[in-house]
Amino acid sequence: MAKTMIDLKNADLTLGQAAASVHVLKGMDLTIDAGESVGIVGPSGSGKSTLLMVLAGLERLDSGEITIDGTPLHDLSEDRVAEFRGRNIGIVFQSFHLIPNMTALENVAVPLELANVRNAFEIARQELVSVGLGERLSHYPGQLSGGEQQRVAIARALAPSPKLLIADEPTGNLDAETGRQVADLIFSKQAERDMTLVLVTHDASLAARCSRQVRVRSGEIVSGAGHDAPVTAPLSKAASA
């Protein structure tokens, strides 16, 4: 029987206050097995990126439960969640989020140093070599192409050897060919390291590469919530917008 990596139960979250409040997640249930690759798709404003942030431990639920690899994040303090995330969850953002005055090597090594990981710079070097940037270690983000910057971000996400890799529109700022290369890299690393991959994307072809698609609409999961109900039908134009 497959091990459960993500177990989300009756997840509810409202962002903003008073008249500006938005009920973003409405009693969501979601189960993802270890080693799965899951694409979260849906119209803009449907709650899919907020869902991803909940899975990453970057947003706290108002009510409900979120358990990652057997650890109930909803029961932990902010500091404990941050500690768990640093050890177990790698995150890749659309906008790279690299520190501009640090080299590629430093961008990957610094989070490891902050987590008191031994040999942080050697691990960072190995990860950058593994994503094809062995010749760019001393380059700053401004000296790198968009694709190279995203590879640095992927190396940074992989450096702690996470069990769960989360990606929010990882190819959204890249041209089609560079985006395909970055997607190839993400899926190859997921398979190579037997990680669980959860990504949000507007790209139907990228979502189709996942073993399952979870469709979100108006703060609710409308299909694909359970690992025993894979979604293989092509995305509609509305769902991929």
Legend entry - Of all residues in the range 63-90 being surrounded by fewer than 16 Cβ atoms within 10 Å (Cβ to Cβ), polar (S, T, N, Q) and not in a loop (DSSP other than H, G, I, E, B), the one that is farthest from the chain's Cα centre (by Cα): Ser63
Legend entry - Given (1) buried (at least 20 other Cβ atoms within 10 Å of the Cβ); (2) more than 24 Å from Asp194 (Cα to Cα), number of the condition Ser145 does not satisfy: (1)
Inset, instruction - Find all pairs meeting these conditions: Cβ atoms under 7 angstrom apart; at least six residues apart or on different chains; first residue within the range 20-36 and open to solvent by 50 Å² or more (accessible area, probe 1.4 Å); second residue outside any strand (DSSP E or B). - result: Val22/Gly16; His23/Gly219; Lys26/Gly219; Asp29/Ala225
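Looking at this structure, is His23 over 14 Å from the mean Cα position of the chain (by Cα) and not in a strand (DSSP E or B)?
No.
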Inset, instruction - Might you check whether a residue that is under 14 Å from the mean Cα position of the chain (by Cα), among the basic types (Lys, Arg) and assigned to a loop (DSSP other than H, G, I, E, B) occurs anywhere in the range 158-167? - result: yes
Legend entry - the range 132-155 residues that are farther than 15 Å from His97 by Cα, paired with ones that are surrounded by 18 or more Cβ atoms within 10 Å (Cβ to Cβ) and of a type in the set (S, T, N, Q) (beta carbon under 7 Å, 6 or more apart): Leu137/Thr103; Ser138/Thr103; His139/Thr103
Inset, instruction - Determine the pairs where a residue that is more than 23 Å from Arg60 (Cα to Cα), located within the range 85-107, has a partner that is of a type in the set (S, T, N, Q) and not in a helix (DSSP H, G or I) with Cβ atoms under 6 Å apart, the partner being 6 or more residues away or on another chain. - result: Thr103/Ser138
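Answer yes or no as to whether Gly39 is part of a strand (DSSP E or B), over 27 Å from Ile186 (Cα atoms) and not acidic (Asp, Glu). Even if it seems obvious, please write down each step before you answer.
On the way: part of a strand (DSSP E or B): yes; over 27 Å from Ile186 (Cα atoms): no; not acidic (Asp, Glu): yes.
No, not satisfied.
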Legend entry - Checklist (1) open to solvent by less than 40 Å² (accessible area, probe 1.4 Å); (2) over 28 Å from Pro43 (Cβ atoms); (3) β-branched (Val, Ile, Thr) applied to Ile154, failing item: (2)
Inset, instruction - Search the range 44-62 for residues being in a helix (DSSP H, G or I) and of a type in the set (S, T, N, Q), and hand back the single one that is modelled with the lowest pLDDT. - result: Ser49
Inset, instruction - Among the numbered conditions (1) over 20 Å from Ile221 (Cα atoms); (2) at pLDDT below 95; (3) of a type in the set (S, T, N, Q), tell me where Thr71 comes up short. - result: (2)
Legend entry - Residue selected from the range 91-111 under the condition modelled with pLDDT of 95 or more and of a type outside the set (A, V, I, L, M), by the criterion most open to solvent (accessible area, probe 1.4 Å): Asn101
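Being of a type in the set (Gly, Ala, Ser) and in contact with a strand residue (DSSP E or B) (Cβ under 7 Å, 6 or more places away or on another chain) is the filter here, so list the residues in the range 126-185 that pass it.
Applying the first criterion (of a type in the set (Gly, Ala, Ser)) to the range 126-185 yields 130, 132, 134, 138, 142, 145-147, 153, 155, 157, 159, 161, 167, 172, 176, 179, 183.
Of everything in the range 126-185, those that are of a type in the set (Gly, Ala, Ser) and in contact with a strand residue (DSSP E or B) (Cβ under 7 Å, 6 or more places away or on another chain) turn out to be Ala153, Ala157, Ala167.
What's the total number of residues in the range 2-19 that are modelled with pLDDT of 90 or more and exposed (fewer than 13 other Cβ atoms within 10 Å of the Cβ)?
Narrowing the range 2-19 to residues modelled with pLDDT of 90 or more: 3-15.
Now restrict to residues that are exposed (fewer than 13 other Cβ atoms within 10 Å of the Cβ): 3.
Within the range 2-19, residues that are modelled with pLDDT of 90 or more and exposed (fewer than 13 other Cβ atoms within 10 Å of the Cβ) number 1.
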Inset, instruction - Just one of (1) assigned to a loop (DSSP other than H, G, I, E, B); (2) surrounded by fewer than 16 Cβ atoms within 10 Å (Cβ to Cβ) trips up Ser205, so point out which. - result: (1)
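The values are calculated or read from the model by the stated rules, or taken from the named source; none is laboratory data. None of these values were measured; they are calculated from a predicted model. Cβ atoms come from the backbone with ideal geometry, glycine included; neighbour counts cover every protein chain shown. For accessibility, only protein heavy atoms count, side chains too; no ligands or nucleic acids. Shrake-Rupley method; radii C 1.70, N 1.55, O 1.52, S 1.80 Å.
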